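Contents: one structure, followed by commentary.
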Amino acid sequence: MTLTAKDASRRTREICALAPIVPVLVIEDVAHARPLAEALVAGGLPALEVTLRTPAALDAIAVMAEVAGGHVGAGTLITPEDVRAAKRAGATFGVSPGATDALIAACEEEELPLLAGAATATEAMRLLERGYDMLKFFPAEASGGAPALKAIGAPLPQITFCPTGGVSPDNVESYLSLPNVLCAGGSWVAPKKLIDAQDWVGIEALARAAAQSGKAG
């Protein structure tokens, strides 16, 4: 049995709707995984993206998957083997900077909902053609930021995005105010400095502030 694009988009949409910010996490030490996840979930950010950029990433996903209330995904999925490894580790969704036929097929075969990246209207249309209507807009700021995403949304209102890449407290509201944005991915809620210092209270405070993003209006 394989996961259909429609079901994948529905499940990623449900995960993205849990909170306005999805923390993008780079974890160097697996010992930090559990307290980091607990702090972020306690702060109101249950959807967590662990990037597969460090040797500790897969082990961190396995540990975080056991944290109550959390939904742990694997980011930076590039190859089918990345997908299989993420699924084995316990990831409940995947995130990729772009999308290839092989990557999409692997996610469908492994039944791992994919938040696939797109930076242009053509890329978004190709994914929509395959049935994916919940996408990652990446790299957000380098691709023109909120104005570009607003422009893409005009002719493609059926696609919803999670902008990631250069999103910060200074510009996040400009993204979240767009009708085609459900949430945004950001690394500022778990900065390396606080993770290294094991300042979980500080990270929980950043998460609480981020969880209020987009609610001013």
message = So in region 1-30, with the set limited to residues that are part of a loop (DSSP other than H, G, I, E, B) and farther than 30 Å from Q198 by Cβ, which one is least open to solvent (accessible area, probe 1.4 Å)?
response = L3
query = Can you tell me which residue in region 80-109 is farthest from P46 (Cα to Cα), limited to those that are among the β-branched types (V, I, T) and open to solvent by less than 30 Å² (accessible area, probe 1.4 Å)?
reply = I104
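Out of curiosity, is V72 within 13 Å of A33 (Cα to Cα) and under 14 Å from the mean Cα position of the chain (by Cα)? Let's see the steps before the verdict.
On the way: within 13 Å of A33 (Cα to Cα): yes; under 14 Å from the mean Cα position of the chain (by Cα): yes.
Spelling it out, V72 is indeed within 13 Å of A33 (Cα to Cα) and under 14 Å from the mean Cα position of the chain (by Cα).
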key: Qualifying positions in region 110-156 - open to solvent by 40 Å² or more (accessible area, probe 1.4 Å) and within 20 Å of A8 (Cβ to Cβ)   = E110, E111, E123, M125, R126, L128, E129, R130, D133, F138
inquiry  = I'd like to check something: does region 41-51 contain any residue that is at positive phi and in a loop (DSSP other than H, G, I, E, B)?
reply    = yes
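The values are calculated or read from the model by the stated rules, or taken from the named source; none is laboratory data. Since we're looking at a predicted model, the values are computed, not measured. A quick note on method: Cβ atoms are made from the backbone with ideal geometry, for glycine too, and the neighbour counts reach across all protein chains shown. Heads up: the accessible areas ignore ligands, DNA and RNA and are worked out on the full protein's heavy atoms, side chains in. Shrake-Rupley method; radii C 1.70, N 1.55, O 1.52, S 1.80 Å.
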